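This report concerns only the one structure given below.
Bear in mind that the values in this text are calculations on the coordinates, not laboratory data. Since the model is a prediction, treat every value here as computed from it, not as a measurement. As a convention, Cβ positions derive from the backbone with ideal geometry for all residues, glycine included, and neighbour counts pool all protein chains shown.
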Amino acid sequence: MANGFQIVVCASIVPDPLQTLEPAAGANGPGLKNEMMLPAVLDPWAAAGLYEAANLAAKQAGSKVYLVSLGPKAKLQQVMMTVAQKVPFELVAVDGPLGGFTDAQATAAALAEAIAAIPGLERERMLLFGGWESASRGAGVTMQVVGERLGVTDQFQGVDQITVDADGSFEVLERVEGGKHQVSVCAGAPAVLGWATGSLPEPRNNPQVGMANMRGVMPALQKAKSVKLDANGLSYVSVSLPKQQRETRLVKDMPEDEIAREIVAWIEE
Amino acid sequence: MASTTVSKVGAMLTLPGDAVRQILWRFSDRFDLQMLVQSARAVARGPVARMVAAGERNTHEWTPAKAEMMETFDRAGITAAFMEPEEGGFISGPKNLALALAAFELAWVDGGAATASLAGFLALAPIHERGTAEQSAHYMALAAPPREGEERKTMRGAFALTEPIPYVGVDTGMLSGRVRVAEWKDGEEPMLQVEKRGRFITNIACANFATAAVDSGDARIKGSCVIILEETDEGTFDRGTPTKKLVHQLSSTGDPIFSLKVPANRIVGGYVVKDGVIVPNYTHSEVIEAVFRRTRVTVGVMTSAKLLSAVEPVIRYQRGRFRGAESIKEGSLRYDQGIQQREDALQRLVDVWASGEASASLGFAAARLFDELDPLERLKAALMVERGVSGSRAEMKALKESETKALELLNGNLTEERRAELEADTLVQFVLKDAAANVLCPATKLWNTGEGTRQMREAVSLMGGYGITEDCPGYLANKWMDAQLEATYEGPEAVQRRQLTITMTSELFLAQFRGWIKEMRGIASERPGTGACTLATAMTMWLWTLNYTQKGKDADGNKLYHGQRQGVTFALADALCWLLAVRCQILDVQELEARGGDDAVVSEGLAETLQFFSDLCHTQSARASGEVSRICAELVYGYNRHPAWDAEGHKACFLSEELDEYEGFIPGILSVATDVVSEGMHPVKAGPCAGCAGSADFLRLQNKLATCLTGSRLAKDRAAETVLKVMIPEALDYPA
């Protein structure tokens, strides 16, 4: 790959999963109780995409990572104090509403517009990364629509691995049923990759990386374009948290063979 | 006057998050500090918490896991937080607030981890504060974690001051460690032989160098100094046996023995040779004074973190206390509120929370003050050199004029021009901030750790039997014990009180204190619900009592305020700390009110948050006022001898037959007279009621203070409602 990739990672922010998440009806539809006040984190699926992007950029000379994030900029700023310490990137902030109940079409349109406006972005070098799922309400279509709007039709979802060849083509492992991966080979950028968990651990915080990123993060937040997301006729009849399921049994002194048999039987069900 | 209106604002919605803290503690515009906080938090609630959960505190030995913790600090930027960017750090300028924030985050989980990080800074601090440029450049660079591509290990240090009994400990002025001339060849650097035994030396297990305080044992060396010893120096660098401490076990503590030959250029701050004698540029006392006045603040902040970290686990435990019982149905009050159904549980936690907020406010205010003072101190030092002033006595004399100007600035009715002139005067600003810092530092160390330990006991008790188990979420019992060490190391409570005895009576401090009383009245008139008015009255009472004791004598004619009379001086020091802490707490809440609306995150639910924090201030102000009132009353009355039923005492009594006569022209006197003697019989009590010279003024103040408490319990009730209703996370974000 001669000039490297321009990797654009779309990543929203979600409430810290340890927080109490209680659906609440707001003026603009459903949301979470006190959501603005809850500590937020980068959506874990998209975060996996960010770390994979940084890893790929480090291996492919001339590559660059952009992080495109839509959310209230005050919340984005708080999250950046951690995320910016992880890996080098350039932030493109879009000041918009918080929450997992926005319309995916409207969100995708705002993201696509922000990406299209990135100065110097070359579509033929662009890899569009994001989360396959979301820790808030995953619509399951946002990344596909962003790709379509930007004219990127090579799309992969549930990605766990990308391996780039010298000619710029790459092999992608996508999750399929049965714990297996589908192997695809793509001729090269541009492409959309919606990441599952990838295989990289969360990088440690490194304030030196953070200070370098911050030179761009703060100006990006200051000039973040404000967007309103149209509901496009979307409405929610009801919202509820998934019920907790507890199927734990306490059994004493069960022989190992019997435990193994039970597990196999459960898998075969 | 205290608030009498009942607020219509509801309970605070969630526990205060980062955005609120950043405004309260004034680092919302410092993203370098915000990143440090996040980084230190990730280490504390990740690797450190897992170490504690895995039982790493159960050994005094230095283990591979503890060594790994130090490496984790390096990777997370905690070690580099002390350094300038050119030395490998990432924060420019003064770092007192930065180090306090990092220590706060680490101590949120474990005090030993915080101490381990601080001990390295403590070892470097003598070099940083008083070292020569070469010493500073050399050791700071080596103590910074290696940069990318650099092949070296981080150099770690230990500060070796304390020695085996009988000397260094409470009194750091006396040293047994000795330095002598080993070799001194013409035209060459003298070689020195250092003999030093340490006691309770932190970080010694992993230290590659030590900054050791020693006294001269040789006529060719004048006085004491701090000297740098390296593990590779010729001789013995024995780390000694680990101290069997019951607390802070993640940090290493030991009793090392040093017998080393080192070049004289290791004397911190360098030396000059006068008449064939090596004269260190700084005595060990001058070095440690510069060091401790900064690092002690950080220790105080560590205890604040413990208190605030206790809030969430206690609420979760108390709410869920009865869940799981067959008879407790989901949705019932007992299921939802658990122990929180009881007012006492709520109000006791309010006290813990209020103390935590007050101590954090005091600690961070002190840290910020030192950040302002640091550059002024360097400018002052440069000005003194420029004016040819050297030595601490000469400097004190030279600063007298600035002190007079500072008093003029504080007290005088000045023209705008004169005010601007004095405000722009570096030395005036230095003496003002120095006088305040000389009080805030020991106050933080003394009050945060002392009252913090008492309140940690309360927090443990709120968890019932669970509180004193290793399984207790938030490790509260560990924190309770750890707090006791924080009250002791880096100068125990008596040392802090002794320092306050001197610094709190400085005219410059007292002039500022008078201004703070006015400031509190001003805040009270704008925002009555914070308890600022109550505080102002308590501050006035403290000032009155200080004045009274400084002039007054006891029943035997001895002076009340005297260096050796710690029953008076230490008590007043204790009382002052309560007042200073609440003042800082109130100022923080005022800042939140002023700036909270500009932050989109904070503005959500700002009214409720402000109300809760104001109620905590009011609660704490009432508690502080109660303490001050008690202490002051004891001092004002307690040194008078109580009248007895003797001839002298009877002079102040009525005779019953006299009273019968008086009743004729003073109707009702019979019902109010208490000390009445009749046929040699007196009332059943210790003696005639006591009076006291000047007591009318004091009683007026005390009476006023009592009425100023109006509304404080209403505030506590409202705060308790937040404790009952505030939304908390589903689970603690670190393992127990």
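A Förster radius of 45 Å combined with the Cβ-Cβ distance from A:ASN232 to B:ASP471 puts the calculated FRET efficiency at roughly 0.30.
What average number of partner chain Cβ atoms lie no more than 10 Å from the Cβ of the residues making up B:26-32?
Details: counts 0, 0, 1, 0, 0, 10, 5.
Per residue, the average neighbour count from other chains is 2.
Distance between the pseudo-spin-label points of A:GLU148 and B:LYS261 (7 Å out from Cα toward the beta carbon): 8.3 nm.
Can you grab the distance from the C-alpha centre of the range B:1-73 to the C-alpha centre of the range B:511-562, Å, no decimals? Using only Cα atoms, the two centres lie 34 Å from each other. Ranked for footprinting exposure by Cβ neighbours inside 10 Å, fewest first, B:GLU105, B:GLU68 give B:GLU68, B:GLU105.
About the Cα centre of the range B:18-143, how large is the charge dipole given +1 on each Lys and Arg Cβ and -1 on each Asp and Glu Cβ? Please answer in debye to the nearest 20. Mind showing how you got there, number by number?
Details: 11 positive and 15 negative charges, 90 e Å.
Here the range B:18-143 has a charge dipole of around 440 debye.
Under the 0.36 nm per residue contour assumption, what length would be gained going from the current alpha-carbon distance of B:LYS553 and B:GLU148 to full extension? Working shown, then result.
Values: separation 405, 0.36 × 405 = 145.80 nm, distance 6.73 nm.
Taking 0.36 nm per residue and subtracting the Cα distance, the gain is 139.1 nm.
List the lysines whose Cα sits under 23 Å from the Cα of B:LYS245, skipping any in the same chain fewer than 8 residues away. Here the lysines satisfying the reach criterion relative to B:LYS245 are B:LYS66, B:LYS196, B:LYS306, B:LYS445, B:LYS479. In this simple spin-label approximation, B:GLU730 and B:THR241 carry label points 7 Å from Cα along the Cα→Cβ vector, and these lie 5.0 nm apart.
In which sequence would B:ARG418, B:ARG497, B:ARG156 go, from the one with the fewest C-beta neighbours within 10 Å to the one with the most? Write out the running numbers ahead of the final one.
On the way: B:ARG418 14, B:ARG497 21, B:ARG156 25.
Arranged by neighbour count, lowest to highest, B:ARG418, B:ARG497, B:ARG156 become B:ARG418, B:ARG497, B:ARG156.
Per-residue ellipticity at 222 nm from helix content only, as computed over the protein assembly as shown with -39500 (n - 2.57) for each DSSP H run of at least four residues, stands at -15500 deg cm²/dmol. Taking the 0 to 90 degree range and rounding to the nearest ten, how far is the long axis of helix B:31-43 tilted relative to the main principal axis of chain B, both from C-alpha atoms? Taking the Cα atoms of chain B, the angle to B:31-43 is about 90 degrees.
Once the Cα atoms of helix B:606-638 and of chain B are each reduced to a long axis, what angle between those two axes, in degrees from 0 to 90 to the nearest 10, is obtained? The angle comes out near 80 degrees. Largest first, the three principal axis extents of the alpha carbons in chain B are 102, 74, 57 Å in whole numbers.
In this rough spin-label picture, where each label sits 7 Å from Cα along the Cβ direction, the B:ARG454-A:ARG246 distance is 4.1 nm.
Rank by packing, highest mean first: peptides B:146-155, A:21-30, with packing defined as the count of other Cβ atoms within 10 Å averaged across residues.
On the way: B:146-155: 10.8, A:21-30: 13.6.
Taking the mean over residues of other Cβ atoms within 10 Å, the ranking is A:21-30, B:146-155.
Applying 1/(1 + (r/R0)^6) with r as the Cβ-Cβ distance of B:GLU591 and B:ARG75 and R0 = 35 angstrom yields a FRET efficiency of 0.55.
For B:ALA141 and B:LYS651, a Förster radius of 60 Å and the Cβ-Cβ distance give a FRET efficiency of 0.15, rounded to the nearest 0.05.
Cα-based Rg of the range B:153-284 per 2.2 N^0.38 Å, rounded to two decimals?
The range B:153-284 yields a ratio of 1.05.
Apply the Debye scattering formula to the protein assembly as shown, with a single equal point scatterer on each alpha-carbon and no solvent, then give log10 I(q)/I(0) at q = 0.04, 0.08 Å⁻¹. Computed log10 I(q)/I(0) values: -0.25, -0.92. Seen from A:VAL251, the other residues with C-beta closer than 11 Å to its C-beta sum to a net charge of -1, counting Lys and Arg as +1 and Asp and Glu as -1.
Fraction of C-alpha pairs exceeding 28 angstrom in the range A:6-242: 28 percent, rounded to a whole number.
Reported to the nearest whole Å, the Cα centre-to-centre distance from the range A:1-45 to the range B:664-711 is 68.
Multiplying the residue separation of B:THR674 and B:GLU417 by 0.36 nm and subtracting their alpha-carbon distance yields 86.4 nm.
Please say if the range B:18-143 is rounded, prolate or oblate, where rounded means a/c under 1.5 for a ≥ b ≥ c the square roots of the C-alpha gyration tensor eigenvalues, and otherwise the choice is prolate for a/b larger than b/c and oblate otherwise? Oblate is the answer for the range B:18-143, as a/c is 1.5 or above yet b/c matches or exceeds a/b.
Residues B:TYR662, B:TYR139 in ascending order of nearby Cβ atoms (within 10 Å, fewest first): B:TYR662, B:TYR139.
Across peptide B:614-625, what mean number of C-beta atoms from other chains lies inside 10 Å of a residue's C-beta?
Working: counts 0, 0, 0, 0, 0, 0, 0, 0, 0, 0, 0, 0.
Mean partner shielding for this stretch: 0.
Mean per-residue shielding of peptide B:84-92 is 2, counting Cβ atoms of other chains within 10 Å of each Cβ.
Radius of gyration (Cα atoms) of the range B:437-587, expressed as a multiple of 2.2 N^0.38 Å: 1.22. Using a Cα-Cα cut-off of under 19 Å, which aspartates and glutamates could be cross-linked to B:LYS685, ignoring same-chain neighbours fewer than 8 residues away? Answer for B:LYS685, where 19 Å is the Cα cut-off: B:ASP646, B:GLU648, B:ASP675, listed by chain and number.
Helix B:426-443 and the longest principal axis of the Cα set of chain B meet at an angle near 70°.
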